[in-house]
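Engineer: Pasting a structure below so you can have a look.
The values are calculated or read from the model by the stated rules, or taken from the named source; none is laboratory data. Just so it is clear, the structure is predicted and the values come from calculations on it, not from any experiment. Cβ placement follows ideal geometry from the backbone for every residue including glycine, while neighbour counts extend to all protein chains displayed.
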Amino acid sequence: MPLHQSLRRRVSMISLIEQIRTGSIWNFPGGVHPAENKKQSNTTDIVHARLPEEIVLPVKQHIGKPGNLLFAVGDAVLKGQQLTALETGFTLPVHAPTSGVITAIEPRTTAHPSGLSDVCVVIKPDGLDAWIEKNPVEDFSTKTSDELLDVIRQAGISGMGGAGFPTAKKLQSGLGRTDILIVNAAECEPYITSDDKLLQEHADEVLKGIEVVEHILQPKLTVIGIEDNKPDAIKALEIAAKDKDIVIRVIPTKYPSGGEKQLIKILTNKECKILL
């Protein structure tokens, strides 16, 4: 990029960031206002699910190829133990969600709209819920971006959208070129309140996760977009983000404001091609 174009882009970005900091929001054409139906669950406490008698764990939970299995039928596993191997950049490991014994490795119907079956590891829990030895990152600020990306990949974290894109791969694509980090807390869909409740009860932990991503990407500005129909979550966010350089932007409730293209337009007035 020629120098004058680079300077022009930098000045334009600084101007946009100033507009965002001073409270500007934009809009996208269209949108609808369906019945929200969120009150059925947005005041109910989050609880831990009880261990089932059998766990069916798909080996492939993300875009790309599944990793090779590291265990066989009859093997005992611990909670958090890696069940599949890391191979390519798009391979993510699958981990045991509890301790128990592998009773089968076979095709089972998975939670996918196609109704097709896929290879699954079947675990009979032993009821102990015993963990492997944990080795947490004590201070993420002492780690490089590449080191943290490897931790994220080793943890098997992928996006929760339809593609299940590996999170480390997506973050890697933003290294050195992220001006604005947008955190999507809009949750515009009717009935759904999981983001709302997560923020109500665990805003501090969400902010800690945002700080990890900020450390990796080094954005000039971080913006959390959240619809105005979540007052308790907004309050919890504001308390957690006190004294942090993070903009919490409350936006009007409209579907589909939580779509990535729509939220980018609302928060930045930019129309972007979504590459990943």
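Engineer: Which one of these is among the small types (G, A, S) and over 20 Å from Q82 (Cβ atoms): S158, S141? Before you say what the answer is, go through the steps one by one.
Structural biologist: Numbers: S158 fails: over 20 Å from Q82 (Cβ atoms).
Unique residue meeting the criteria: S141.
Engineer: Still on this structure, I have one more. Only residues in the stretch 136-165 that are in contact (Cβ under 8 Å) with a residue 12 or more places away in the chain and closer than 13 Å to V213 by Cα count as the first member; pair them with residues that are assigned to a helix (DSSP H, G or I) and among the charged types (D, E, K, R), Cβ under 8 angstrom, at least 6 apart or cross-chain, and list the lot.
Structural biologist: Short answer, once both residue conditions are applied: F140/E211.
Engineer: How many of the residues in the stretch 113-157 are more than 22 Å from E53 (Cβ to Cβ) and not assigned by TED's automatic domain parsing to the domain that holds G100? Spell out how you get there, then give the answer.
Structural biologist: Step one: list which residues in the stretch 113-157 are more than 22 Å from E53 (Cβ to Cβ), which gives 113-116, 132-157.
Adding the requirement that they be not assigned by TED's automatic domain parsing to the domain that holds G100 leaves 132-157.
Residues in the stretch 113-157 being more than 22 Å from E53 (Cβ to Cβ) and not assigned by TED's automatic domain parsing to the domain that holds G100: 26 in total.
Engineer: Give the residue, chosen from G23, G31, that is surrounded by 13 or more Cβ atoms within 10 Å (Cβ to Cβ) and on the phi > 0 side of the Ramachandran plot. Before the answer, list the steps.
Structural biologist: Numbers: G23 fails: surrounded by 13 or more Cβ atoms within 10 Å (Cβ to Cβ).
Every option except G31 fails the conditions.
Engineer: If you scan the stretch 90-112, which residues turn out to be of a type in the set (S, T, N, Q) and under 13 Å from V77 (Cβ atoms)?
Structural biologist: T98, S99, T103
Engineer: What tally of residues in the stretch 45-81 results from selecting those that are under 16 Å from A104 (Cβ atoms), among the small types (G, A, S) and surrounded by 11 or more Cβ atoms within 10 Å (Cβ to Cβ)?
Structural biologist: The number of residues fulfilling the criteria is 1.
Engineer: Let me ask you something else. Of all residues in the stretch 35-71, how many are under 24 Å from the mean Cα position of the chain (by Cα) and not in a loop (DSSP other than H, G, I, E, B)?
Structural biologist: 4
Engineer: Here is a further query. Restricting to the stretch 92-116, count the residues that are hydroxyl-bearing (S, T, Y) and touching a Lys or Arg at 6+ places or on another chain (Cβ under 6 Å).
Structural biologist: To start, the set of residues in the stretch 92-116 that are hydroxyl-bearing (S, T, Y) comprises 98-99, 103, 109-110, 114.
From what's left, touching a Lys or Arg at 6+ places or on another chain (Cβ under 6 Å): 98-99, 103.
Final tally of qualifying residues: 3.
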